[in-house]
1. Identify the single condition in (1) hydroxyl-bearing (Ser, Thr, Tyr); (2) within 26 Å of A:Pro226 (Cβ to Cβ); (3) surrounded by fewer than 22 Cβ atoms within 10 Å (Cβ to Cβ) that B:Ser681 does not satisfy, given that it satisfies every other one.
2. Looking only at region B:629-676, which residues are farther than 30 Å from A:Leu290 by Cβ, within 13 Å of chain A (Cβ to nearest Cβ), in contact (Cβ under 8 Å) with a residue 12 or more places away in the chain and in a loop (DSSP other than H, G, I, E, B)?
3. Please state which of the following conditions B:Tyr609 fails to meet, knowing it meets all the rest: (1) within 12 Å of another protein chain (Cβ to nearest Cβ); (2) among the hydroxyl-bearing types (Ser, Thr, Tyr); (3) farther than 24 Å from B:Thr536 by Cβ.
4. Take the residues in region A:43-62 that are in a strand (DSSP E or B) and among the polar types (S, T, N, Q); name whichever of them is nearest to B:Arg663 (Cα to Cα).
5. Please list, ordered by residue number, the strands (runs of 3 or more DSSP E) wholly in region A:1-42 having 2 or more residues that are under 15 Å from the mean Cα position of the chain (by Cα) and either within 14 Å of chain B (Cβ to nearest Cβ) or surrounded by fewer than 19 Cβ atoms within 10 Å (Cβ to Cβ) (or both).
6. Quickly run through region A:78-123 and pick out the residues that are farther than 20 Å from A:Tyr25 by Cα and among the aliphatic types (A, V, I, L, M).
7. Out of the residues in region B:537-563 that are more than 12 Å from chain A (Cβ to nearest Cβ) and of a type in the set (Gly, Ala, Ser), which is surrounded by the fewest Cβ atoms within 10 Å (Cβ to Cβ)?
Amino acid sequence: MDIQRALELLHMTVFSQSVSPCGKYLAAGNNYGEIAVFSLSAALSSEAKEESKKPVVSFTAHDGPVYAMVSTERQLLSAGNGEVKAWNWSDIVKKGCKEAWSRRPPYRSSLEVPEINSLQLNPKDNSLLLAGGDCSVHAMDLESGTFTHEFRGHSDYVHCLALRDQYQECLSGSEDGTVRMWDLRTGAQVQVIEVHKYEECSRPQNGKWIRCLATDCDWMVCGGGPALTLWHLRSVTPTTVFPLPHCQQHVMFYQDLILSAGHSPAINHLQISGELRAQIPCTPRSVHSLCVNQRSPEHKVAGCSLEGGGRMARGRGAE
Amino acid sequence: MSSDSSKKRKPKVIRTDGAPQESKRGRVDPDQDVKYYSEEAEVELRDPSKDYELYKQTCQELQRLMAEIQDLKSKGSKDSAAAIEERRIQSCMYFMTLKKLNRLAHIRLKKGRDQTHEAKQKVDAYHLQLQNLLYEVMHLQKEITKCLEFKSKHEEIELVSVDEFYKEAPPEISKPNITLNEPHQQTLARLDWELEQRKRLAEKYKECLASKEKILKEIEVKREYLSSLQPRLNSIMQASLPVQEYLFMPFDQAHKQSETARHLPPPLYVLFVQANAYGQACDQKLAVAIDGSVEDAKALYKPPEDSQDDESDSDAEEEQTTKRRRPTLGVQLDDKRKEMLKRHPLSVTIDLKCKDDSELHLVFYYLLNLNVLTVKSRVSTAAELSSPVSAGDLLSPGCLLSCLYPGDHGKRTPNPANQFQFDKVGILSLSDYVADLGHPYVWVQKLGGLHFPKDQPQHTVTAESSLSASHMELTMKLLRTRLQSRLALHKQFASLEHGVVPVSSECQQLFPSKVVARLAKWAALPYEDYLELHYTKDVVEAGLAEDTHLYYTVLVERGTAKLQAAVALNPGYSSMPPVFSLCLSWKGERTGSNDDNIRAMESEVNVRYRELCGPRPGYQLLTNQLQRLCVVLDVYLETECHDTSVEGPKEFPQEKMCLRLARGPSRMKPFKYNHPQGFFSHR
């Protein structure tokens, strides 16, 4: 391996991942704009060798880091520097795959191309929500490819998105320390939660940025600079502050648990009551994203994609 | 009775009575003048057997008479005296008969003896005669054989065969009419002829000797003439040297070199020839020379008998000395090791001159028993080099040429067969001896045409010039690059130790004009210490930090913030970039493992090295990396968001122009500097 590649590997960070619709493949995007596809069945089988843990195929998708990826029924959507590209899952394992389409949200300033930090699918009206460096949330219709809404309000760039399916609202957490709720039909800002102003969860030494969000309509959990906190949305009160010292970078609701991971080499299994039920150690030192492979009955594994030498680690779901 | 004097018996018997003698003696001598009684004559007449009977009778009578006398005596009567007397007289007569008989017997005996004696004497005389004759016969026989064995000298002379003789000899010598018939004459003639011939040949021989002497004298004269010529030719050659130099055709020097080159061992010869060829064709600044003693080289190839004798002598000597002095096993092994690691007395020197007048001197040696080449290096510069403390290893002979090609560390012998040789004498590895012998790099073997394939160990590896030729150009280029890069680093280190990062004018555009963070320390770091650091583990695991690398520690300071960096410098600098590992001590310890932005800073310096190479040939990479390190530290410190809970102003007010302070999920700081606008942005 030449020295350039060796150095790149040393400094590689995987930011995003997505499981294929069939549940057999895992796509991961890194900070060099490359997407690598791994075969889960090969890597997790009993006779897996070192070779089977290497990507089946990897290609350069974007010219900036791939910060977010989601999968639809047939396509993988990846976000790079100010653009979203779609790849067909059926073609992606073949070499020389070309994107199915590529879209650019309408940015106002042209000084710097803003990154896209989060992608969220809205299956109800077949649209894609994206948010990133231009401090606003865009909504794109997947069929037509047009951008329908732009939700402006944040004063700093948006880190994460969450969808409140029932009410057709979307939540966005931002660097400015607020979580805002947007009505997807009208495009109006419903609510602003200034998380850092609440004493229970605020941690000024870390900053006020909100890095991760998850919601299941009535509840919301968010974390980042402030501590990971569970909020009751209707009353907008923080109910539980989870005792995690590190900044959390990804959080999700899974069955009756809350899974979170952050600047520590562990995946935390938390109960809604606030108890830390389990802390699963994982290889690299900081975790950027978690995803659960719901689609394959054989490989029901919680994958976590993380940084630190560009390695991927697997943590078994606490079943 | 007196006629008994003819007998030789002396004692006379005195008879008491003149009793009448036996009638048997009754011969009476008629003549008084010739009156002798010859009993000898009587003996011949009588018959011995009758005498014997008579004797027996007489004895019987005597016995009878004696018996009667005794009887009479024993009776003791008076008339017995006469009877006794009678009987006595009779017995006396018988006694006389006995005496006679005794005499006769004696006479007979004597006669017999005389006769025997006579006969015996005769026989003896004959016997003696016989002996004499036999002796004479023997003597004569010996003489005869001697005569017969006598070889005349003439038979030792090889004569020409008879036919040839008759053909060649002139008739007055050969005289065929006589000689054909008489072999004696023939032989004489042949001898004559032989003599003739020999005389003639002796003459010829003398003539030849004389002519030989003459010719020898002529040769001497010519030889002297030639030997007087040699110094004159030498002087002409010397005189022509300035002309050669003037015309840039150093034939003389080249000729001398090729003379010496004939004594080089094959790999060194290949190296010499190829280096010379390359120098003449492509590289004017490459000079090749041969050093060492040619006599020693010639002595190595002594004829086998001499060397065997010497060996056996020296063996014998050694044995004796071991018996006397008993040296320890270590001393013996030591000698064996020295023998195994012996160098050929000749060595090839290559001097590479660079544009700035610095020179790399390489001396190549050949190890006889191991069939490998080694090299020793030395650098000389036009100006005296100041030695910064941290630059100790840069130009040291041990490290200068390490890893010229990746992985070629020169610590082990490239010839796999050597391992078996080493085991015999207890050498663990050649690396213990490299200080003295030089390094056995693989490229050195290739330049000497030696190829040691790993998967097929060959029995004997011979030098091939094609291998040498194919590697020569690249190796020379790499050597020059290596020297230049090390010298550049040397200069840079001198400046770095004083806390100044030297940035050349061409590279100023890579950095903002104002850089606040300062280089506080630059020092060399031992490899073991590098491994101990907690923030270098990733680099070590990735295989980017090996024991052939050079390691340094850097301290960059700004205010209360101290940034420590460990640098792993690849010997192949600058085509191989140095790798930095960072640790920031400011409000806690932050390294690449716990802070994404520190990782980003490392990435800026390590991964983006191509931007920092500067003008070709890129020796300024290290200093540019250091400068960039200072710049990104500035950015990091100034863009850190203020902790509102703590009182007091920000320690580092933001002076850099940035579009955005954070970007992306890892909240990356804007480390990229844009020239000439002078603002910082994200990648």
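1. The number of the failed condition is (2).
2. Within region B:629-676, B:Leu659 is the sole residue that qualifies.
3. That leaves (3) as the condition not met.
4. Taking region A:43-62 first, the residues in a strand (DSSP E or B) are A:57-60.
Subsequent filtering for residues that are among the polar types (S, T, N, Q) retains A:58, A:60.
Details: A:Ser58: 25, A:Thr60: 21 Å.
Checking each candidate, the answer is A:Thr60.
5. Numbers: elements: A:14-19, A:25-30, A:34-39.
In region A:1-42, the matching strands (runs of 3 or more DSSP E) lie at A:14-19, A:25-30.
6. Listed by number, the residues that qualify are A:Val84, A:Leu111, A:Val113, A:Ile116.
7. Taking region B:537-563 first, the residues more than 12 Å from chain A (Cβ to nearest Cβ) are B:546-563.
Those left that are additionally of a type in the set (Gly, Ala, Ser): B:559, B:561.
Details: B:Gly559: 11, B:Ala561: 20.
Here the answer is B:Gly559.
Residues checked against (1) under 30 Å from B:Val461 (Cβ atoms); (2) touching a Ser or Thr at 6+ places or on another chain (Cβ under 9 Å); (3) free of Cβ contacts under 8 Å to residues at least 60 places away in the same chain:
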position	(1), (2), (3)
B:Gln186	no, yes, yes
B:Lys199	no, no, yes
B:Lys204	no, no, yes
B:Glu218	no, no, yes
B:Ser228	no, no, yes
B:Ser235	no, no, yes
B:Phe248	no, no, yes
B:Gln253	no, no, yes
B:Gln257	yes, no, yes
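The values are calculated or read from the model by the stated rules, or taken from the named source; none is laboratory data. All values derive from a computational prediction rather than experimental measurement. Using ideal geometry, Cβ is built from the backbone for each residue, glycine included, and neighbour counts are taken over all protein chains shown.
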